[in-house]
Each structure stands twice: as structure tokens, then as C-alpha cells.
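To start, the structure under review is shown below, and the notes come after it.
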Amino acid sequence: MSERSERTKGKRAAPELPDPLAPLVDAHTHLDACGATDAESTAVIVDRAAAVGVGQVVTVADDLAAAQWAVQAANWDRRVFAAVALHPTRANALDDATKAELERLAADPRVVAIGETGLDYYWPGKLEGCADIEDQVEGFRWHIDLAKRLRKPLMIHNREADHDLLTVLLDEGAPETVIFHCFSSDANMAMSCVAEGYLLSFSGTVSFKNAHELREAAKVVPDDQILVETDAPYLTPHPFRGAPNEPYCLPYTARALAELREQDPVELAKITTANARRIYGI
């Protein structure tokens, strides 16, 4: 089976390799969900990314098993770093034993952020077993405290919860570094986050022509507060929407974001990479 065939999943074929754009850091991806299972398969995905300029990736957990795997992956390959947390929709699984294990994992030097955590108001009532709002808020508060205790960035998932999420951050006192992963709100929310010193990370959704409010938001973020990510295998950039995503697709998003912001793609790549390396300490 060819490499191309191996990367073909679902209804659409995997995107072609983009023209290289370097340097780039994928600030948020899910290597396990992209098909990585061991050191060899992890290296294949990271090698493919490196071939187009994506030299480092942060693989992110959304449950305890994924957190354990992410830390392993970050220790298999020096180009991989980890973030650990329970996704807000899974906050109802945050018992004492899980907290203890997350604290142990988060202390690993290869873990560069606590995430993804936050609030998700879309899924309650739609997804079986989804944590209710009260559990999500409680879990979010615990992750904020963990990030502050370990002095690591807080990586936020926010879906339809702008006001409440900012309120919890204000109430708890935000960690020194806060990253809004896959920023998906409007320019007003972007400016509120910028004013607090938070970083906004943009995924393939910023390339969607119908994402008008998000695209306006991307224009107001200062250079020193912007990141790029894939959130792979999800949110594949235009014109490959619906196809499987991988870290190698990041140049498509970076170029779309640069065009939107009227910046040179190489310059924006350097800016986002410097930001990622600064905040993650990589």
C-alpha cells in the first residue's frame, strides 16, 4: 500500500503535501487521533510534517488515556511535546485518582501546557455522558490551579461559552500564559482576550470563507499573541475541508492566515514559531 493510500481515510483523500513553509510549530494537534500508536508511527507523521517545514508539534490530550499516551510520544521523539488535561466534556471523570495521575503526568518536563480544558456549551444534552456545565466549571477551575502551581501555560477549549469562560478566568486568576486553542469567536472576544494578554491560536477554520466573524477576529490579534495549529485530524483547511488533517497541512493554514492579515507568509511563520517556542519553552 502506498503512503498516499495509507493516509486516505473517510470520504476524501488526504491533502497533497503543501509547498514547504518554515519554520512552523503546530501549537495543537492530536497525534494519536491521526493514527500514531507507537514510536515508529509517531515518527512517520512528524517526519511528514518536518518535510514541509513543521519542525515541532504539541500533541494534546482530551482524556486520561490520551494524556498518558501524549507524554509517551513526547519522550519518543524530541520534536514532539505534550499537553495534558481532561476535555471539558469529560470533566465528570475528574475524580481524585484521575487528578493525581494528571498531576504526575503534567510534571513531566516534556509536558509544556495544561490542556485542553475550558468550557463547552455545545455538547451538553447532545452527547451521551457529556459533563454538565457545573462539572465543567469545577474541572476548569481545577486545571487553572494546576497550571498555576506547575507554572505551565493553560490551553483552553472554548465552545459557545465566551462570557462564562472569561468570568471563571477572572475569578480564579489566570495563569501567566493562557492560550485559546482553535480560536472560534468574534473580534470583540478576540480584543477582550488580547487585552488580558492571552494568546490566540488559529486552525484551519480561519481559511473557511464563510467564517466571517472569525476571519475578522484574526485581523485584530497582535503579532506577539498569535499562534497557528492544525487540531488534526480535525478542521482541515480550505480547500480540503472534510479530508483528514495532519500536522503537515499547517502551511495551508499559515498561508491563509497570512493572506487574511496581509502579511508575508514566511514572516508570519517566523512570528508564530517564535511565539510558540517562547510560551512553551521549546
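The values are calculated or read from the model by the stated rules, or taken from the named source; none is laboratory data. This one's a predicted model, so the numbers in the text were calculated from it and none came from an experiment. FYI the Cβ positions are ideal-geometry reconstructions off the backbone, even for glycines, and counts take in every protein chain you see. Side chains are part of the model used for accessible areas, which takes the heavy atoms of the whole protein and leaves out ligands, DNA and RNA. Shrake-Rupley method; radii C 1.70, N 1.55, O 1.52, S 1.80 Å.
When we screen K148, K99, K152 for residues that are closer than 28 Å to G281 by Cβ, modelled with pLDDT of 95 or more and part of a loop (DSSP other than H, G, I, E, B), the only hit is K152.
Among the residues in segment 229-239, are any small (G, A, S) and touching a residue at least 60 places away in the same chain (Cβ under 8 Å)?
At the first step, the residues of segment 229-239 found to be small (G, A, S) are 232.
Now drop any that are not touching a residue at least 60 places away in the same chain (Cβ under 8 Å), which leaves 232.
The answer is yes; a qualifying residue exists.
In segment 102-114, of all residues being of a type outside the set (D, E, K, R) and assigned to a loop (DSSP other than H, G, I, E, B), the one that is surrounded by the fewest Cβ atoms within 10 Å (Cβ to Cβ) corresponds to P109. Of everything in segment 68-87, what is more than 14 Å from the chain's Cα centre (by Cα) and assigned to a helix (DSSP H, G or I)? Give them in sequence order. Matches in segment 68-87: Q68, W69, V71, Q72, A73, A74, N75, W76.
Per the listing G204, G125, the residue uniquely out of contact with any His (no Cβ under 6 Å at 6 or more places or on another chain), small (G, A, S) and at pLDDT below 95 is G125.
Residues that are of a type in the set (F, W, Y) and either farther than 30 Å from T42 by Cβ or within 17 Å of the chain's Cα centre (by Cα) (or both) are absent from segment 205-221 altogether.
Checked across segment 135-158, the condition of being open to solvent by less than 10 Å² (accessible area, probe 1.4 Å) and more than 28 Å from A218 (Cβ to Cβ) holds for at least one residue.
Checking each residue of segment 201-210 against the condition of being of a type in the set (A, V, I, L, M, F, W, C) and within 23 Å of A274 (Cβ to Cβ) gives at least one match.
Just one of (1) touching a Leu at 6+ places or on another chain (Cβ under 6 Å); (2) without any contact (Cβ under 8 Å) to a residue 60 or more places away in the chain fails for P88. It is (2).
For every residue, the table says whether it meets (1) closer than 23 Å to A27 by Cβ; (2) acidic (D, E).
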| site | (1), (2) |
| --- | --- |
| L119 | yes, no |
| Y122 | yes, no |
| N158 | yes, no |
| H163 | no, no |
| D171 | no, yes |
| A174 | yes, no |
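Among the numbered conditions (1) touching a helix residue (DSSP H, G or I) at 6+ places or on another chain (Cβ under 6 Å); (2) assigned to a loop (DSSP other than H, G, I, E, B); (3) more than 14 Å from N158 (Cα to Cα), the only one that G129 does not meet is (1). Residues in segment 1-40 that are modelled with pLDDT of 95 or more and part of a helix (DSSP H, G or I): A39, E40.
Just the residues that are part of a helix (DSSP H, G or I) and either touching a Gly at 6+ places or on another chain (Cβ under 6 Å) or over 26 Å from I271 (Cα atoms) (or both), please, taken from segment 44-67. Before you say what the answer is, go through the steps one by one.
Kept after step one, since they are part of a helix (DSSP H, G or I), are these residues of segment 44-67: 44-50, 64-67.
The answer is V44, L64, A65, A66, A67.
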